[in-house]
Amino acid sequence: MPALTKTQLDHLHDLLDRREGVLRAHLQQENAEKDEFVQVASEVPDAGDSSFATLTMDLGNAAVGRDMGELRAIDAARQRMGRDEYGDCVGCGSE
């Protein structure tokens, strides 16, 4: 793949920065919500409320895991871009 122009690289960096910001905001929101559900789960009066609180926490944990994986992928992409090793599929190696 031909090298990207400086303008194209700057645009790509900007896109990665914006996506990282969205993910970090989402992680902060999930963390705040998790604290609320931990409190609810510890004070619930019946099994149904407890089950719902646990399910909600599990779904939140899955979302956090997904977002963390994407943040790691963004970091890896930035590293590849810094080494001029971009343009090939990480999985199969083709353009």
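The values are calculated or read from the model by the stated rules, or taken from the named source; none is laboratory data. Everything numeric here is computed off the predicted structure, so don't read it as measured data. Backbone-built Cβ (ideal geometry, glycine too); neighbour counts: all protein chains shown. SASA here: full protein model, heavy atoms, side chains in, ligands and nucleic acids out. Shrake-Rupley method; radii C 1.70, N 1.55, O 1.52, S 1.80 Å.
Table for the structure above
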| read-out | value |
| --- | --- |
| Test: ARG80 is of a type in the set (D, E, K, R), closer than 19 Å to LYS34 by Cα and modelled with pLDDT of 85 or more | no |
| Test: residue in the stretch 78-85 that is under 23 Å from ARG18 (Cβ atoms), in contact (Cβ under 8 Å) with a residue 12 or more places away in the chain, in a helix (DSSP H, G or I) and under 18 Å from the mean Cα position of the chain (by Cα) | yes |
| Residues of the stretch 14-41 that turn out to be open to solvent by 70 Å² or more (accessible area, probe 1.4 Å) and either among the hydroxyl-bearing types (Ser, Thr, Tyr) or at pLDDT 85 or above (or both), as a count | 8 |
| Pair list, Cβ < 8 Å and 6+ apart or interchain, from the stretch 57-68 residues that are farther than 13 Å from ALA32 by Cβ and open to solvent by 50 Å² or more (accessible area, probe 1.4 Å) to residues that are part of a helix (DSSP H, G or I) and among the basic types (Lys, Arg) | ASN61/LYS34 |
